[in-house]
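Worksheet for the structure shown next.
Just so you know, all these numbers are worked out from the coordinates, no wet-lab data involved. What you see is a predicted model; the values in this text were computed from it and never measured. Backbone-built Cβ (ideal geometry, glycine too); neighbour counts: all protein chains shown.
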Amino acid sequence: MLNLVRTDSKNADFLKMVKELDQTLKVTDGADHAFYNQFNALDRIKNVIVAYDSGIPVACGSFREYGPKSVEIKRMYTKPLYRKRGYASAILEALENWASEIGYTKCVLETGIFQPPAIALYKKREYDVIPNYGQYSGVGGSMCFLKYLAAV
């Protein structure tokens, strides 16, 4: 049974999964990893969701404020043995709902062009591809998305 828990970036299970995510991204990002990693600090992340399957931490995601009415989705990860079960979609929906509850109206996010499962997830969840924003402007390996949130 899947249980989604709202927490913060100090959560031990979240921190362990972020380490796993970073190890994975070192491989997929290759030489560009240091560039991308500089934008993944946890100090600005206050809203985290950790997914538990029968008490085992299996996936996570978070958001941080990006602008007055927008958040940036960050640190989405599902452990390999638990992929293709809809957990990432459930986390993303929960993050969107949480952001909407506290007054945000849109989500932005960045993923790498070599992350086809992530790209498919965001398109499935009705995110629109947008020009690369902020620090990702002009970065060929990045793909950025936007979704307007429904009011709660």
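Some points to look at:
- By the beta-carbon count within 10 Å of each Cβ, the least crowded to most crowded order of C107, C144, fewest first, is C144, C107.
- The magnitude of the dipole of the chain, with charges of +1 and -1 set on the Cβ of Lys/Arg and Asp/Glu and taken from the Cα centre, is near 220 debye.
- Only helices enter this figure: runs of n ≥ 4 DSSP H residues, each worth -39500 (n - 2.57), summed and divided by the residues of the chain, yield -9500 deg cm²/dmol at 222 nm to the nearest 500.
- Taking the DSSP bridge list for the chain and keeping only pairs wholly inside it, about 90 percent are antiparallel.
- Summed residue charge, Cβ within 11 Å of G134's Cβ, Lys/Arg positive, Asp/Glu negative: -2
- Too-long pairs where the Cα-Cα distance tops 21 Å, listed order kept, from K124/K147; K84/K123; K74/K124; K74/K123; K123/K147; K46/K124: K46/K124
- Cα shape, the chain, gyration tensor, a/c 1.5 rule: rounded
- Measuring between their Cα centroids, the stretch 57-81 and the stretch 96-125 lie 8 Å from each other.
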